[in-house]
1. Given the whole protein assembly as supplied and a 1.4 Å probe, what does the accessible area of ILE309 come to in Å², nearest 10?
2. Leaving out ligands, DNA and RNA but keeping every protein chain, what accessible area does TRP78 have, in Å² rounded to the nearest 10, with a 1.4 Å probe?
3. Filter the trypsin sites (Lys or Arg not before Pro) in the stretch 56-94 down to the DSSP loop ones having no more than 11 other Cβ atoms within 10 Å, then list what survives.
4. Can you pull out the GluC sites (Glu not before Pro) in the stretch 61-125 whose DSSP state is coil and whose Cβ has at most 13 other Cβ atoms within 10 Å?
5. Calculate the dipole size of the stretch 183-317 relative to its Cα centre from +1 charges on Lys and Arg beta carbons and -1 charges on Asp and Glu beta carbons; express the result in debye to the nearest 20.
6. How are the Cα pair distances of the stretch 161-317 distributed, in percent, across 5 Å bins from 0?
7. Strictly over 25 Å apart at the Cα level, which of LYS62/LYS182; LYS187/LYS291; LYS62/LYS83; LYS58/LYS166; LYS105/LYS179; LYS62/LYS291 would you flag in this model?
8. Put GLU128, GLU260 in order of accessible area, largest first, 1.4 Å probe: what do you get?
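The values are calculated or read from the model by the stated rules, or taken from the named source; none is laboratory data. Every value quoted in this text rests on a predicted model; they were computed, and no experiment measured them. Here the Cβ positions follow ideal geometry from the backbone for every residue, glycine too, while neighbour counts run over all protein chains shown. Heads up: the accessible areas ignore ligands, DNA and RNA and are worked out on the full protein's heavy atoms, side chains in. Shrake-Rupley method; radii C 1.70, N 1.55, O 1.52, S 1.80 Å.
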Amino acid sequence: MNKKIAAIILIIIIGMIYSCGSKPAAKPFNNYLFGEADNKDQLGSEPYIPTRAEIVIKAILKAYPDKIEKAEFRNNDWAVLLKGTWYYYSDGKMLPENEFVNTAKYRTYQFYDYPDELPQWTPFSPEEIEEYKNLTNAGSQSTTRRSNFFLDALWQVSSNQIETEKLMDYISFFGKYVKMHKSLIDKLEQIEKQIAAMGRADRQIQAWINSIDIFEGYNWRNIAESQSRSYHSYGIAIDFLPSNLNGKQTYWLWTSQYREDWWNVTYSERYHPPAAVIRLFESYGFIWGGKWDLFDTMHFEYRPEILIINELPPSNL
């Protein structure tokens, strides 16, 4: 046997040993977020499994490339640099270093699972039902709030309502005016243009457009039943309400005022925008509240990092 053939056989045997090992291969993370080199450990033999902190921080970097200067592991935590200040993951609380002593005061940001499609409807467990019941009990409002430091810096807003409103502008959306953050106006104009084009080709979408009666964008307020400032306060959330819901449900909290088992409102009982409209918003970085457990089907908010975390990167960032 010559040396060349022997070498080929040796390579085949080594490959069989690695492929038949007892340790299952872990799934590499989406290369949109982690490059090819990041998907292997230092030896290059094992897929790299990132921590939740790393996934979130790198998703934020991808989501806001015009705002975030860099992301790196420092001081034993993952962090992003924004306007000269490092904001640390800090168990999901996104805190500047000088707030570490106050970490117990804050609740975590919601960097949650967001499905590509609505999951199949299944009955709720007794534990889930008990959890939902507790949400509607009197006095259930959370006593902690989300830290505003990171969001304030990201959207250049302040705790002063008058100063914040200088960052907002009106946009005409199907003939109705709504106030939104200036940096999102171009995206919303493109969304409106494309929805209008879809409506000309699809009667159901045109009927949805015609049904819209109320738009709510910027609104200086907290999230209902919460101490945390609403994304509407940043001008990055928009609600669409038709002139008549025709008995459909759109928001879990409103439904809970008269229906004890509000969580049992099935998809067919809820008001949903057309699927193509939802997809279009997602392609521009907006998530839809109809995919939340605490459903809010009239609501869209600009959270491209949520889509990236869930391997659904927006195509129109």
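1. Taking all protein chains as shown, ILE309 has close to 10 Å².
2. Rounded to the nearest 10, that gives 40 Å².
3. LYS83
4. Those that pass, being in a loop and sparsely packed, are GLU69, GLU117.
5. For this selection, approximately 260 debye.
6. Whole-percent P(r) values from 0 Å outward: 2, 8, 17, 22, 21, 17, 9, 3, 0.
7. LYS58/LYS166; LYS105/LYS179
8. GLU260, GLU128
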